[in-house]
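First comes the structure, then the notes that go with it.
Values quoted throughout were computed directly from the atomic coordinates according to the rules given, and no laboratory measurement underlies them. Quantities reported herein were computed from a predicted structural model and do not represent experimental measurements. Note that we place each Cβ from the backbone using ideal geometry, even for glycine, and neighbour counts take in every protein chain shown.
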Amino acid sequence: MDTVEPYLPPLASVAKEYTALTDVPVDLPTALFLRARLTGHPLPTSTSAGGSCHLLRAADGWTAVNLARPDDLAAVPALVALLSGAEGEPLQEAVKRTPAAEVAANAQLLGIAAAEHASASGPPVRSGRLGERSATVRDPAGLRVVDLSALWAGPLCARLLGLAGARVVKVESTTRPDGARAGSPAFYRWLHDGHDSLVLDFASGALAEVVAGADIVIEASRARALRRLGIHAEEFLAARPGRVWVSITGYGRDDDRIAFGDDAAVAGGLTGLDAQGDPVFAGDALADPVTGIHAAHATARSLADGGGELLSLSMSACAASLVPTPC
């Protein structure tokens with residue numbers, strides 16, 4: 001908690017604005033730290049609380065490499081070969097001789113979430129009005145939210161909208177269930193409490209019908225992935241006034257780099273310092289809950305302004321928005 005404390009005032013302001021729009025209080029300590037408490041994660045250091053993401057010293061700074069999936073671990077020898085041309089060398093040694101941006105770029109080429117420390121910038125939310133405003137001011141109460149997202153950021157947004165009275169249905173693929181199900185059952189229940197659950201064969205075409213009945217869609221996919229299923233944010237927004245589409249990605253809707261909460265936080269510079277002045281993780285996958293709160297606020301604000309908007313949230317930029325600008 002002490003490590004992240006300096007970053008909380010800007011996030012507290014976003015949370016207070018959400019409360020002003022919806023009358024729903026946001027418990028920041030719970031939103032940020034509940035998962036770590038429930039799972040018994042140790043305090044993060046240069047290794048993330050979950051153990052998969054590593055802050056590594058590069059030739060000119062620091063980089064985060066997140067080996068969150070079995071395929072990521074299997075790709076480490078290929079990454080080492082790209083960085084050093086040597087076989088069997090420890091990743092940490094290969095990174096030391098390589099510029100941080102180059103490490104991250106090569107890891108991303110192999111599908112590994114990685115980021116140069118404090119490299120992200122830009123607004124946390126970009127909005128574009130692609131549909132008509134509603135004729136009346138709206139709040140989330142009674143609206144139908146279709147949550148296509150997984151893990152933490154999108155589901156936290158859905159939870160906050162549900163607390164404001166929205167009717168939330170979580171939609172998962174029969175072939176790719178939410179990876180958070182493999183984590184803490186208590187945390188998963190907390191995120192999805194009171195939500196309906198729907199499991200579909202996305203290849204059957206049934207997903208398009210479910211999306212068509214929504215007022216708000218939350219997703220965390222590359223845009224082309226949903227387009228292949230015949231689902232287009234632009235068409236969704238144009239079909240009926242007042243709708244909102246929430247797109248959550250690591251670096252923005254037009255950037256195909258992948259990210260998870262820990263490496264996105266590093267990209268935003270949302271880190272602490274150890275006794276030697278080296279960066280350490282400031283908390284458990286902080287870019288996830290930070291983005292979830294930003295997304296809920298942006299959705300409520302859009303509804304109050306009539307909706308019709310595509311909201312593109314960058315997890316790394318949401319993290320960067322909490323970091324004070326150097327004088």
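Below is a table of values for the structure above.
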| item | result |
| --- | --- |
| Positive minus negative residues near A287 (Lys, Arg vs Asp, Glu; Cβ under 15 Å) | -4 |
| Inter-centroid distance (Cα atoms) of the stretch 45-68 relative to the stretch 29-43, Å | 19 Å |
| Summed side-chain charge close to G111 - residues other than G111 whose Cβ falls under 14 Å, Lys, Arg +1, Asp, Glu -1 | -1 |
| Length-normalised contact order for the stretch 182-285 - Cα pairs under 8 Å, 6+ apart - percent | 17 percent |
| Rounded tilt (10° steps) of 8-22 against the dominant C-alpha axis of the chain | 10 degrees |
| Cα gyration tensor category, rounded, prolate or oblate, for the chain with a/c compared to 1.5 | prolate |
| The stretch 248-280 and the stretch 119-136: distance between their alpha carbon centers, rounded to Å | 22 Å |
| Ranked list, fewest to most other Cβ atoms within 10 Å of each Cβ, for V211, V217 | V211, V217 |
| Ranked H232, H117, criterion: other C-beta atoms within 10 Å, fewest first | H232, H117 |
| Computed over the chain: relative contact order in percent, which uses C-alpha pairs under 8 Å that are six or more apart | 27 percent |
| Charged-residue dipole, Cβ positions (Lys, Arg, Asp, Glu), the stretch 44-116 about Cα centre, Debye nearest 20 | 140 debye |
